[in-house]
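Down below is the structure, laid out as structure tokens.
The values are calculated or read from the model by the stated rules, or taken from the named source; none is laboratory data. This structure is a prediction, so every number in the text was calculated from the model and none was measured. With ideal geometry, Cβ positions are generated from the backbone for all residues, glycine too; neighbour counts draw on all protein chains shown.
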Amino acid sequence: MKNRLNKIGYLIISRLGQKIIDNKTGEKLGRALVFYWGGQLHIIGYTGKPLVVRWAKSDKLRYWHSSLIFRAQEEADFERTK
Amino acid sequence: MKEQNKILCCVLTHQLPNEVMQMSAYWTKLFPEQELVILYGGKKSNYDLIEWPLKSYINDPGLKTKDHQRERQTYWQVYSNITQFVRPDHDLVFFTEFDQIPSGEDSLLRLCQIKEQEDSDILCYNLMRVDDTNHPHYIYHLAQTDLLVQIRAISMRSDPSVVLTCSGFGHLWSREAFMKVASVEYTSRIYLELWFPTVAHHLGYRVRDVGNIENSYNLTSGDMTKDRKRMSAEGAIFVHPVKFLWSGDE
């Protein structure tokens, strides 16, 4: 029953959720319900690549607005150091 | 690349003795020149019935978890037991679980070729960098463990905050990297999918992914028993998870 509800929930969010875009590459990473509640920003039903959240840079100096952006974490490709 | 790498193949299972013997026969038929170690995590009475020269019983509550992710299942004892079988003439150590099935006689050779192309010390499946992200295992460990403190204590890297994850099956290791990583103990239990790639990275080894095509045949959920032959024909090197092959329910 729980699994079935999970599947239905994910299906609805994958169709109707807000698009999550990689701010660096423009790649669509998935969909999710994003909302603020209880002092936290909640990401519900997201199943794509792990997300990094950052403050967006701003070309203009504005005192009334700032925004958060998403991007995928970098690929695991590190040189040997031994 | 060497003409023929000497590989210690290690398979973790908890299945019934007759199923383990079928699996051993399959591996030996495909790779007669390599040695196969059976790591057994099932009942001790079943372990005693397994007639295989290279076998080891894993008696570790950290392995025998029910909710593997929430209880942070570990293969630390499994890896520690494998070290008893590793000899200086082994070039590589391949570790996997019973439900990852090699497609053919060239499966190990093809993995070795990818490892060589990637110039890696450890080749694994579904490798990702997850630090600073919403990856469920990462944020759970931040709350439940001192993962980052443990990593900082051993790290030889300029950035000690990097955390990697990979699937718990299908690890192809250089012998030196395997022995070194298997010797590192945790102070609080860390889920196996985070522990091994992260520790290997921070000890200075190069950890690389097997590639998207091969990953697409090696999933982390479901069952591919009925799809195994099709996937092998399509070019899969290994297929996972194939849960019912050895119980004859294919």
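The number of residues in region A:47-57 being under 10 Å from the mean Cα position of the chain (by Cα) and either surrounded by fewer than 18 Cβ atoms within 10 Å (Cβ to Cβ) or more than 11 Å from every other protein chain (Cβ to nearest Cβ) (or both) comes to 3. Checking the stated criteria, B:Leu172 turns out to be away from chain A (no Cβ under 14 Å), under 30 Å from B:Asn5 (Cβ atoms) and at pLDDT 95 or above. Residues of region B:179-190 include at least one that is without any contact (Cβ under 8 Å) to a residue 40 or more places away in the chain and among the β-branched types (Val, Ile, Thr). Within region B:186-199, does at least one residue satisfy the condition of being out of contact with any His (no Cβ under 9 Å at 6 or more places or on another chain), within 13 Å of chain A (Cβ to nearest Cβ), farther than 21 Å from B:Gln73 by Cβ and surrounded by 15 or more Cβ atoms within 10 Å (Cβ to Cβ)? Scanning region B:186-199, I find no residue that is out of contact with any His (no Cβ under 9 Å at 6 or more places or on another chain), within 13 Å of chain A (Cβ to nearest Cβ), farther than 21 Å from B:Gln73 by Cβ and surrounded by 15 or more Cβ atoms within 10 Å (Cβ to Cβ), so the answer is no. Take the conditions acidic (Asp, Glu) and in a loop (DSSP other than H, G, I, E, B) and apply them to B:Glu33. Does it pass? Against the criterion (acidic (Asp, Glu) and in a loop (DSSP other than H, G, I, E, B)), B:Glu33 qualifies.
Criterion applied to A:Asn6, A:Asn23 was being of a type outside the set (D, E, K, R), touching a residue at least 12 places away in the same chain (Cβ under 8 Å) and either in a loop (DSSP other than H, G, I, E, B) or out of contact with any Asp or Glu (no Cβ under 9 Å at 6 or more places or on another chain) (or both), and the one residue passing it is A:Asn23.
For region B:55-62, state whether one or more residues are under 19 Å from the mean Cα position of the chain (by Cα), modelled with pLDDT of 95 or more, closer than 15 Å to B:Thr96 by Cα and aromatic (Phe, Trp, Tyr). The answer is no, given that none of the residues of region B:55-62 is under 19 Å from the mean Cα position of the chain (by Cα), modelled with pLDDT of 95 or more, closer than 15 Å to B:Thr96 by Cα and aromatic (Phe, Trp, Tyr). In region A:32-46 there is no residue matching the filter, namely being of a type in the set (S, T, N, Q) and surrounded by 10 or more Cβ atoms within 10 Å (Cβ to Cβ).
Quick check on region B:38-48. Is at least one of its residues under 17 Å from the mean Cα position of the chain (by Cα), of a type in the set (A, V, I, L, M, F, W, C) and modelled with pLDDT of 95 or more? Yes, there is a match, as at least one residue in region B:38-48 is under 17 Å from the mean Cα position of the chain (by Cα), of a type in the set (A, V, I, L, M, F, W, C) and modelled with pLDDT of 95 or more. Just a yes or no: is a residue in region B:186-206 within 25 Å of A:Val52 (Cα to Cα) and acidic (Asp, Glu)? Yes: one or more hits. Consider B:His137 carefully, then state whether it is within 23 Å of A:Pro50 (Cβ to Cβ) and within 13 Å of chain A (Cβ to nearest Cβ). Yes: the conditions hold for B:His137. Considering region A:39-82, the qualifying strands (runs of 3 or more DSSP E), each wholly inside and each with 2 or more residues that are within 30 Å of B:Leu203 (Cβ to Cβ), run over A:51-55, A:68-72. For region B:146-161, which residues satisfy the criterion of being surrounded by 15 or more Cβ atoms within 10 Å (Cβ to Cβ) and farther than 11 Å from B:Thr198 by Cβ? Answer for region B:146-161, where residues must be surrounded by 15 or more Cβ atoms within 10 Å (Cβ to Cβ) and farther than 11 Å from B:Thr198 by Cβ: just B:Asp146. Filtering region A:58-82 to residues that are facing chain B (nearest Cβ under 9 Å) and in contact (Cβ under 8 Å) with a residue 24 or more places away in the chain leaves A:Ala72, A:Gln73.
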